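A short reminder: the numbers here are calculations on the coordinates, not readings from a lab. It should be emphasised that the depicted structure is a prediction, and the values quoted were computed from it without experimental measurement. Cβ: placed from backbone, ideal geometry, glycine included. Neighbour counts: every protein chain shown.
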Amino acid sequence: MARSLVTTWYGAFVVDGREVVRSVPVPRTPPALAERIRLRREGRLTPEEAELLNDPDRGHWTTRDRRVAEHGVRWEVSAPAVPPGGPVAADVEPFRAALLTDAVRAVAAVWDPSIHVEEAVRAAADLDRIGNLLGERLGSWVARDSPEIDPGDHGRAARRAIDGGGDPTLAPNDPALATARRQLAELYLTLRSVRDALADGVASSAPRRTPNLVALLGPELASRLVAQAGGLDRLARLPASTVQVLGAETAFFEHLRGRAPPPRHGLLFLHPAIQGASRRERGKLARSLAGKAAIAARLDRAGAAVEPALAAGFEARRARVRAEASPGKRRRDRPGSGKPLDRATGDR
């Protein structure tokens, strides 16, 4: 029977049948145990395993650990998982302390301070949704007794409700409702103030973490893109084609189901250059901007300084796209003009 190399948290062992031929124990201190845990998680050999594998007379050993099998040991699922007699260390408290030490170290290693910027961006998006609902309700309510107020001018409606002017049909008969409406207006204005504070915080914090993305997209759009991707690390690994449609996941999956044409852009539509472009130009500009954003994310992930060539390259591409466009030329292919919708959208 071939001998097997068995590794545990308390040592490495060479086992021949039911007998331990050789053993190299691990020091029972939490730092030493934590270091072994880290090495094994990273797929590397521990010092005890390396010592046994350096034996020139080791012969043909087997192991159940694929990590060890990469170093000239035959992997075999039937090899023993623990040395005979079970764990020789009944006291697992050192191992527990080592696991906690390694967990603290691993959490500190992956901690990304930009998570606070991402949370601020998500909070701002939540406040936008809530503010729109409150503003629409407040504008409609105030316009009932102040027809000169545009219901869409939510800020003016809120100020009118707080001032108490223009409500002769409400205040005398229903003072409680007038008070409640005034409180609603105060809540709306407070919400807008908090939303502005979040935007200011993002604008001041984002350049420190993502200077290249901010230089290319602006602080708010750059932060929203990072938040949508799930962090700068993940954004830096995404291809430009995925960056282009971040924020348009619903439309993209509808396209995969065959129910809609492919989206040309997601959050990148918020960039002024794309928002102000014609429909024929948006797809080209979004592709170019996504490519530059993907490069900027990788530069920021590596801690590189601002690369002005990214923004300059996009502006050059934008100028070429605009120069190639024919202002007076109508689109030849429109839905219903002879081509199916999926083919007509192919030119976009």
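If both residues of a DSSP beta bridge must be in the chain, then about 80% of such bridges are antiparallel. In order along the stretch 197-206, phi translates into HN-Hα couplings of 5, 5, 5, 5, x, 5, 4, 8, 9, 4 Hz, rounded to whole numbers, per the Karplus curve 6.51 cos²θ - 1.76 cosθ + 1.60 with θ = phi - 60° and x for Gly and Pro. Toward the positive end of the charge dipole of the chain, with +1 on the Cβ of Lys and Arg and -1 on the Cβ of Asp and Glu, the farthest Cα among HIS265, PRO80, THR62 is that of HIS265. Of all the options LEU221, LEU52, LEU270, the one that moves most in a Gaussian network model of the chain with Cα springs shorter than 10 angstrom is LEU52. Using only side-chain charges placed at the Cβ, +1 for Lys and Arg and -1 for Asp and Glu, the dipole size of the chain relative to its Cα centre rounds to 1880 debye.
Taking the Cα atoms of the stretch 113-209, the ratio Rg/Rh between the radius of gyration and the Kirkwood radius comes to 1.14. Here the label points at GLU186 and ALA316, each 7 Å from Cα along the C-beta direction, are separated by 5.8 nm in the simple model.
Listed by Cβ neighbour count within 10 Å, with the fewest neighbours leading, PHE314, PHE252 appear as PHE252, PHE314. For an R0 of 56 angstrom, estimate the FRET efficiency from the Cβ-Cβ distance between ARG122 and GLU76 and round to the nearest 0.05. Calculated value: 0.70. Site-free segments of the chain were taken between GluC sites (Glu not before Pro) in DSSP loops having at most 14 other Cβ atoms within 10 Å, sites themselves excluded; the longest one is 149-348.
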